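Undergrad: Below is a structure I'd like to ask you about.
The values are calculated or read from the model by the stated rules, or taken from the named source; none is laboratory data. Since this is a predicted model, take the numbers as computed values, not measurements. Cβ placement follows ideal geometry from the backbone for every residue including glycine, while neighbour counts extend to all protein chains displayed. When the accessible area is computed, the model is the full protein with side chains, heavy atoms only, and any ligands, DNA or RNA have been set aside. Shrake-Rupley method; radii C 1.70, N 1.55, O 1.52, S 1.80 Å.
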Amino acid sequence: MGCSGCSTGRGCSTASGSLPGGCRNNGSCGVGGCNKLNVFDWLSNMELPGGTQPCDVVEVRFKNSRKEFFRNVNNLSLAVGDVVAVEASPGHDIGGVSMTGELVRIQLKKKGLTNAAPDIKKVYRKARQNDIDKWREAQALEEKTMHRSRTIAVALGLQMKISDVEYQGDKTKAIFYYTADDRVDFRELIKKYAEEFRVRIEMRQIGARQEASRLGGIGSCGRELCCSTWLTDFRSVSTSAARYQQLSLNPLKLAGQCGKLKCCLNYELDSYLDAIKDFPDVNDVKLKSKKGDAVHQKTDIFRRTMWFSYFDQMNEFIPIPVDRVKEIIEMNKKGELPADLGEAFKEKERQVTKREPDYENVVGQDSLTRFDTARKKKKKKHHNKNRNRPRPAGANKPGPQNKPGN
């Protein structure tokens with residue numbers, strides 16, 4: 001059963017205020033229930049070298065995928081899942097600790113920051129009960145505020161979409177996340193929002209991928225979206241990635257929930273690029289033989305096979321190994337013509353494809369309509385146990401006691 005924070009994207013531990021989330025391994029595991037963008041702390045059990053000061057910066061996660069770094073100036077004992085009050089502009093905000101220890105130092109370096117950066121805000125304290133109560137009241141206002149804000153934006157005729165609303169923990173500020181194709185003049189919109197909601201308004205424009213990351217969902221693979229569970233950087237994806245992987249350029253199948261090309265098209269692209277380095281470029285090359293010229297039709301990269309067709313037989317594909325294609329190209333450059341392209345290999349492929357399967361199709365043995373006809377009840381036949389039983393030899397002969405004269 002999901003927790004009360006799943007609908008808001010704040011996860012199990014931060015919604016309930018309990019410590020810790022996940023498998024109760026003090027928050028150091030990477031299975032914290034329904035949290036988004038969990039991180040496995042692989043440095044949690046390692047000791048620091050002598051004379052090294054521990055990292056005093058922690059990562060705090062807010063609604064959905066928003067994470068920021070804060071300095072623990074009061075030397076509080078913080079663990080993953082703790083609900084803390086942190087510095088905000090203005091006032092304070094409430095979030096859950098998502099990363100501590102030396103792993104934070106590595107993440108800071110990855111983002112181009114240092115441990116002594118002056119712009120890192122402070123952690124005030126662990127959240128009190130009244131802080132958490134006020135935070136939950138702010139969470140309850142978010143859905144109603146989002147629907148009302150969309151109505152106001154439509155009434156003003158602005159070409160934008162309010163995709164999410166996040167209230168600050170002290171209910172003094174609300175962040176409106178929106179998507180738009182062009183530049184939007186929302187000065188009048190901010191005035192309307194301030195009059196309607198009586199809070200400080202902040203507008204943040206996000207892209208389509210960031211919107212899908214914040215909202216989440218299920219992909220065509222049947223799993224949760226990568227961008228909402230573990231993917232943090234959005235690299236550009238081009239249609240050439242689909243071409244290298246021999247995928248059909250169907251926008252409906254290649255597009256994700258965000259409407260852009262799926263990020264997973266880049267996952268196996270390096271393997272395809274490494275495998276295709278040894279393939280000849282035959283886009284503008286025709287293989288010439290004594291039977292005629294042939295043009296390239298398709299390629300199976302990992303089977304290292306290329307299919308060609310003669311110009312007078314375009315419906316018949318001839319499979320040729322890559323080494324044989326290179327050989328024919330070199331022969332054509334020298335002005336030599338082979339007898340054929342590779343019909344011997346084609347016959348071998350036909351034999352392989354015509355091979356009978358070596359397993360037994362159990363489902364196909366039964367009729368699909370075997371349960372449609374009602375079974376006839378068999379009549380029970382009463383058989384005499386002694387009937388048709390062979391009698392022993394001499395059973396009909398009279399015994400000595402039945403002889404006459406006795």
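Undergrad: Near LYS288, which aspartates and glutamates are there with a Cα under 17 Å away, not counting those fewer than 8 places off in the same chain?
TA: Straight-line reach from LYS288, under 17 Å: ASP312, GLU316, ASP323, GLU327, GLU330, GLU336, ASP340, GLU343.
Undergrad: Sticking with this one: From the Cα trace of segment 244-286, what convex hull volume per residue do you get, rounded to a whole Å³?
TA: 81
Undergrad: Please report the orientation-averaged projected area of segment 158-304, defined via the convex hull of its C-alpha atoms, in nm².
TA: Numbers: hull surface 53.5 nm².
The Cα convex hull of segment 158-304, projected and averaged over all directions, gives 13.4 nm².
Undergrad: Also: Which of the residue pairs LYS144/LYS260; LYS171/LYS191; LYS67/LYS262; LYS122/LYS192; LYS67/LYS126 have a Cα-Cα distance greater than 22 Å in the structure shown?
TA: The pairs that break the limit, which is 22 Å between Cα atoms, are LYS144/LYS260; LYS67/LYS262; LYS122/LYS192.
Undergrad: State, to one decimal in nm, how far the label point of LEU141 lies from the label point of PHE234, with both points 7 Å from Cα in the Cβ direction.
TA: If labels sit at LEU141 and PHE234, their model points lie 2.8 nm apart.
Undergrad: If each of ARG128 and LYS253 carries a label point 7 Å out from its Cα toward its Cβ, how far apart are those two points in nm?
TA: A separation of 6.0 nm, rounded to one decimal place.
Undergrad: Zone of TRP42 (label point 7 Å along Cα→Cβ, backbone N under 13 Å): which residues in segment 93-118?
TA: Of the residues in segment 93-118, 103 have backbone N under 13 Å from the label point off TRP42.
Undergrad: When a/c reaches 1.5 or more, the comparison of a/b and b/c decides; with that in mind, is segment 101-213 rounded, prolate or oblate per its Cα gyration tensor?
TA: On the way: a/c = 2.41, a/b = 1.42, b/c = 1.69.
Taking the square roots of the gyration eigenvalues as a ≥ b ≥ c, segment 101-213 is oblate.
Undergrad: Specify which residue in the list ALA180, SER149, LEU113 is farthest towards the positive end of the charge dipole of segment 77-202, using unit charges on the beta carbon of Lys, Arg (+1) and Asp, Glu (-1), about the Cα centre.
TA: LEU113
Undergrad: Further, regarding this structure: If you wrap a convex hull around the C-alpha atoms of segment 41-147 and split its volume per residue, what is the figure in Å³?
TA: Residue-normalised Cα hull volume stands at 127 Å³.
Undergrad: How much accessible area per residue does segment 35-133 have, counting only protein heavy atoms and a probe of 1.4 Å, in square angstrom?
TA: Value returned for segment 35-133: 52 Å² of accessible area per residue.
Undergrad: Follow-up question, since we're still on this one. Given axes a ≥ b ≥ c from the Cα gyration tensor, I'd like to know whether segment 109-161 is rounded (a/c under 1.5), prolate (a/b larger than b/c) or oblate.
TA: oblate
Undergrad: Of the heavy-atom accessible surface of segment 143-279 (probe 1.4 angstrom), what whole percent is carbon and sulfur? Display every interim value, and only then the final one.
TA: Numbers: 4080 of 8370 Å².
Percent of accessible area from carbon and sulfur atoms in segment 143-279: 49.
Undergrad: Using DSSP to define loop residues, name the GluC sites (Glu not before Pro) in segment 199-294 whose beta-carbon has at most 16 other beta-carbon atoms within 10 Å.
TA: GLU268
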